[in-house]
Amino acid sequence: MLEKLSPIMPARHIAKTEGFYSTLGFKTVYRGDDYLLMMRDEVEVHFFRHAELDPFTNYCGAYLRPSNVDALSREIAALNLPAKGIPRFEPAADKRWGMRELALVDINGNLIRAGQEIGPRYGVDHVDAQELRD
């Protein structure tokens, strides 16, 4: 029954956000003064203009399930984003909760995690919520 869920995230500047996501291979479907819709393969991302957004306090994000997280990680790594600050990129790594994940923080401070299952689904009794945010 459920097929897709598309994030709607804040953007300080629609044009700059469009440029950033274009470097990630997304194509513009719709762009207005206050709204942006982009797609890559079957993935949609929506952005609404939030001129007062502070990227350093933004808590919005999304979780992506690519068919090959390592290939996506290599693709993003080729953009040479820094490991700290905004934007930033953390390459794919195995996590103790049975996922191989990467983390990308865009120019607006939106956190995009992408992951693939590598072991028993969530094969731990407890994962500290702070560990998932870091």
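At a glance:
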item	result
Helix-only mean residue ellipticity at 222 nm for the chain, each DSSP H run of n ≥ 4 adding -39500 (n - 2.57), per residue, nearest 500	-5000 deg cm²/dmol
Most fluctuating residue given options Ile86, Ile107, Ile118, as computed from a GNM of the chain linking Cα atoms under 10 Å	Ile118
DSSP beta bridge pairing in the chain, given as percent antiparallel to the nearest 5	75 percent
Segment 58-106: relative contact order as a whole-number percent, Cα under 8 Å and 6+ apart	29 percent
Computed label-point distance, nm, for sites Arg31 and Asn68 using a 7 Å Cα→Cβ extension	2.9 nm
Cα gyration tensor shape of the chain, rounded if a/c is under 1.5, else prolate or oblate by comparing a/b with b/c	prolate
Relative contact order for the chain, counting Cα pairs under 8 Å that sit 6 or more residues apart, in percent	21 percent
Environment charge at Pro10 (Cβ cut-off 12 Å; Lys +1, Arg +1, Asp -1, Glu -1)	-2
Gain upon complete extension [Ala83, Lys4; 0.36 nm per residue less C-alpha separation]	25.4 nm
Net charge over other residues, Cβ less than 13 angstrom from the Cβ of Ala51 (K, R count +1; D, E count -1)	-1
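Readers should treat all values here as calculations from the given coordinates under stated rules, not as data from a laboratory. The shown structure was predicted, so the numbers you read here are calculated from the model rather than taken from an experiment. Neighbour counts run over all protein chains shown; Cβ positions are idealised from the backbone, glycine included.
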